[in-house]
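J.: The structure that follows is given in the form of C-alpha cells.
The values are calculated or read from the model by the stated rules, or taken from the named source; none is laboratory data. In this text the structure is predicted, and so the values were computed from the model without any measurement. Reconstructed Cβ throughout: ideal geometry from the backbone, glycine too, with neighbour counts over all protein chains shown. These accessible areas exclude ligands, DNA and RNA; they are computed on the full protein's heavy atoms, side chains included. Shrake-Rupley method; radii C 1.70, N 1.55, O 1.52, S 1.80 Å.
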Amino acid sequence: MIPYMIMALLYLFVAIFAATAASFSSWRILPWFNGMVWLRVHFITIGVITQIVFGVMPILTAKYHGVTRPKMRWDIWSSLNVGIILLLVGIPLVSKVPIITGGTLIFIATTLLLIQLAGIKGKSGKSSGAQNGRKFYISGLIFFLIGILVGTGLFTGWSGPLGIVGDPGEVHIHANNWGFISLVFAGFFIDLYPVWTKRPLASSKAITPIFWMLTLGALALVLSPWLSNKTLAAIGALLHTGSTIWLLVLAIKPLLGDKAAWTPGIAHLLASYFWLFAPLSMAPFIIFGIEGVMPAKALEATTPQALIYGWLLQFSYAILPYFYQRFFFGEEDAELGGTWLSFTLVNLGAIFLWASILIEPMRSLLHGWAYMLWILSLLPIAWDVWQKTKAGMAKAETIAIS
Ligand code: HEM
C-alpha cells in the first residue's frame, strides 16, 4: 500500500501547483500561461484518487472476506504509474504513441485489479454475503475500463471506430464519474461507514437495490452521449440521483441527534455530494441548450472542474488522512481527515466556480478565486498527509534496519 500512498502524495503536491497556475492565469498574473485543464483535473483523478483506491480495494475486500491481506502487486502498481507518466507526456503534446501506450498500461492495471478482486474468496472458499463493497468496486472498475478506452481515444481518433455518435468527452466524464468513482465511493460507505461512525448504515437490505440502481443509472448516463439519446440521460439521471440520495439517507439517519458524530470528516463526505448533484441538476439546460436562462456553453466547459474539486477532491479530504493513518500505523479506527477550515474553504471554492459560470462579467476573477480557495483548503490536508507519511516512513525504516 505504501508505494501507492507515496505516489498519491507526490501528485497531491503537483495538483497544488496546477491549481495555483490556474488561479494566476485566470487573474492574468501569468498571462502567457494558459494552464491545461487536463493536467489539473487528472493530477487529482488518476494521480491521487485512482492511486489510493487501487491500493485500498484489495485490502478492504480481503479483510471483509476474512482472508490474509494480499501482498503488494507490483505489476498493477507499475503498469498504473508508468501509464500515468506516459499520459502526462503524451496528452499535453497530443502525441499518439505515449497516449495509446499509457492508456493501454492503465487498462491492463485495471484489468489485473479486477481479476484480483474477483478472485478473493472467503475462508469458506465462497465469496461472502452481499453486504460488502466488492461488487461496487468491480462494477466501478468496469466503468473505468470504458472511461480509459474512450479517454485514450479522444485525441487519437478512436471515437468514430468505437461507434460514439454523441460527445465522446461526455462519455469519458460520465463513465469515470457517474460510473467508476461514484461506485467506488459507495463501496467505501458500505465497507467503512461502520468503522468511521461506530454504527451501521440505517439499513443493509437497501444495499443491493442501491448497487443495481447506481450501476444501471451510470450505464444509461454513459450510453446517452454514446448513442446521443436524451431519454437515456433522463433515466440515468433519475436512477443515479435516486440511489445516491438513498445511500446518503442511510448514512445520515444514524447520525441524527448525535452532535459529536458530525465531525469535519463526516461533513466533507456528505456535503461533497451536493457538488455531484449540481451538474446533474443543470443537465436539462445543457441537453436542451437553453442558453437564455443558463449559459449552457460555460456550464458545459466548467462544471467538470466543479465536479472534480467540489465532490471528488472534497471526499478525498476525509479519506486520504484516514487511509494514511490506517496503513502507516495499523490504526483501523483512525480519524477521518479534514477540518472546519478545509470544509469552509473547499465549498466556498465550489460556490465561486459556479458563480464564475453564472456571472459572466466577473468570470475570470471568480474563477481565479475558486482555485485560490481550493488551494487554501488543500494545504492543511496535504500537510497532514505529509506528516503522516514522514512519520510512517521513519517507522518503516526503523523496523527495516532493526
Ligand atoms: C487512462 C485514464 C484517462 C485518460 C486517458 C483520460 C483522458 C482524457 C482526455 C483526453 C480528456 C479531454 C481533455 C480535453 O478535451 O481537453 C479528458 C477530460 C476529462 N477527464 Fe479524463 N482521462 C483519464 C482518466 C480520468 C479519470 C479517472 C477521471 C475522473 C475520475 C477523468 C475525468 C475527466 C474529466 C472531468 C474531464 C473533463 C476536463 C475538462 O475539460 O474540464 N479522467 N480525459
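J.: Show the residue pairs that are 6+ apart or on different chains and have beta-carbon atoms under 6 Å apart, the first residue being within region 147-167 and polar (S, T, N, Q), the second being within 10 Å of the ligand (Cβ to nearest atom) and open to solvent by 10 Å² or more (accessible area, probe 1.4 Å).
T.: Close Cβ pairs (under 6 Å, with a partner that is within 10 Å of the ligand (Cβ to nearest atom) and open to solvent by 10 Å² or more (accessible area, probe 1.4 Å)) amount to THR156/ILE100; SER159/PRO168.
J.: Determine which single condition ILE29 fails, assuming it passes every other condition in (1) surrounded by fewer than 21 Cβ atoms within 10 Å (Cβ to Cβ); (2) within 15 Å of the ligand (Cβ to nearest atom); (3) of a type in the set (Val, Ile, Thr).
T.: Against the list (1) surrounded by fewer than 21 Cβ atoms within 10 Å (Cβ to Cβ); (2) within 15 Å of the ligand (Cβ to nearest atom); (3) of a type in the set (Val, Ile, Thr), ILE29 comes up short only on (2).
J.: May I ask you to list the residues in region 35-49 that are in contact (Cβ under 8 Å) with a residue 60 or more places away in the chain and either closer than 17 Å to TYR322 by Cα or aliphatic (A, V, I, L, M) (or both)?
T.: VAL37, VAL41, ILE44, ILE46, VAL48, ILE49
J.: Among the residues in region 351-366, are any surrounded by fewer than 21 Cβ atoms within 10 Å (Cβ to Cβ) and either in contact with a Lys or Arg (Cβ under 8 Å, 6 or more places away or on another chain) or of a type in the set (S, T, N, Q) (or both)?
T.: yes
J.: Looking at LEU60, is it under 18 Å from the mean Cα position of the chain (by Cα), surrounded by fewer than 17 Cβ atoms within 10 Å (Cβ to Cβ) and of a type outside the set (Lys, Arg)? Even if it seems obvious, please write down each step before you answer.
T.: Details: under 18 Å from the mean Cα position of the chain (by Cα): yes; surrounded by fewer than 17 Cβ atoms within 10 Å (Cβ to Cβ): no; of a type outside the set (Lys, Arg): yes.
Against the criterion (under 18 Å from the mean Cα position of the chain (by Cα), surrounded by fewer than 17 Cβ atoms within 10 Å (Cβ to Cβ) and of a type outside the set (Lys, Arg)), LEU60 does not qualify.
J.: In region 297-307, how many residues are open to solvent by 10 Å² or more (accessible area, probe 1.4 Å) and either more than 11 Å from the ligand (Cβ to nearest atom) or over 13 Å from TRP354 (Cα atoms) (or both)?
T.: 2
J.: What pairs come out if I take residues in region 80-100 that are in contact (Cβ under 8 Å) with a residue 24 or more places away in the chain and pair them with residues that are within 12 Å of the ligand (Cβ to nearest atom) and of a type in the set (D, E, K, R) whose C-beta lies under 7 Å away, six or more apart or interchain?
T.: none
J.: Give all pairs with beta carbons closer than 6 Å in which a residue from region 245-265 that is over 15 Å from ILE207 (Cα atoms) and open to solvent by 50 Å² or more (accessible area, probe 1.4 Å) meets a residue that is outside any loop (DSSP other than H, G, I, E, B) and of a type in the set (A, V, I, L, M, F, W, C); count only pairs at least 6 apart in sequence or on separate chains.
T.: Filtered contacts from region 245-265: no entries.
J.: Suppose we keep only residues that are at pLDDT 95 or above and polar (S, T, N, Q) within region 121-168. Which one would you say is farthest from GLY90 (Cα to Cα)?
T.: Ranking the qualifying residues of region 121-168, first place goes to SER139.
J.: Is it the case that LYS205 is in contact (Cβ under 8 Å) with a residue 40 or more places away in the chain and of a type in the set (D, E, K, R)?
T.: No, not satisfied.
J.: How do the helices (runs of 4 or more DSSP H) wholly within region 138-229 filter down when requiring 3 or more residues that are within 15 Å of the ligand (Cβ to nearest atom) and over 30 Å from PRO254 (Cα atoms): which remain? Reasoning before the result, please.
T.: Working: elements: 168-174, 182-197, 207-227.
Counting at least 3 such residues, we get 168-174, 207-227.
J.: Related question: So, in region 92-125, exactly how many residues are part of a helix (DSSP H, G or I) and open to solvent by 40 Å² or more (accessible area, probe 1.4 Å)?
T.: 15
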